Amino acid sequence: MSARRLWAGGGATAVVAAGIGVVGVLLIRGLLGIPILSAKGQLVDQAMAVVPISAALAALVATALLHLLLLTTPRPTAFFGAICAIVVAILVLQVFLVGGTTEQQVATSVLYVVIGVGISCLLSGVARTAVRYFARSGSAPW
């Protein structure tokens, strides 16, 4: 596995996740006029900063998890996808289990799902290229 390619892809994924967050906030809050909720049900005051930064950090944490799985588990991308799905499900359920209107809950949940799916899909593809690159280069992972 090429850790350099994995982390370069993880950094690029963080930028894309932040971009999804910006577009989502502009669409939901700006065009639709629906406030964004946190997973605790409170309104996010600085959503234009908080959501993209949180999305980028989530992508970097997901990259670290993927790196660990690539080094230690069989079928790492399958486990990675399952873990990502569980985390997104927890975030979505958390939004519905706390305060806010149904409109706010649905809009926020859709944003969380789009960010989560984007991170999961991009990093799964990055993992395949990082492993393939290593297999072609024949170099040791350490």
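The values are calculated or read from the model by the stated rules, or taken from the named source; none is laboratory data. Because the structure is a prediction, the values reported are computed rather than measured. Neighbour counts run over all protein chains shown; Cβ positions are idealised from the backbone, glycine included.
Looking only at region 99-114, count every residue that is exposed (fewer than 14 other Cβ atoms within 10 Å of the Cβ) and not charged (D, E, K, R) and tell me the total.
Number satisfying all stated conditions: 3.
What pairs come out if I take residues in region 73-100 that are outside any helix (DSSP H, G or I) and among the polar types (S, T, N, Q) and pair them with residues that are surrounded by 15 or more Cβ atoms within 10 Å (Cβ to Cβ) and at pLDDT 95 or above whose C-beta lies under 8 Å away, six or more apart or interchain?
If the second residue must be surrounded by 15 or more Cβ atoms within 10 Å (Cβ to Cβ) and at pLDDT 95 or above, the pairs left are THR73/PHE79.
In the list ALA59, ALA47, which residue meets the criterion of being surrounded by 15 or more Cβ atoms within 10 Å (Cβ to Cβ) and in contact with a Gly (Cβ under 7 Å, 6 or more places away or on another chain)?
ALA59
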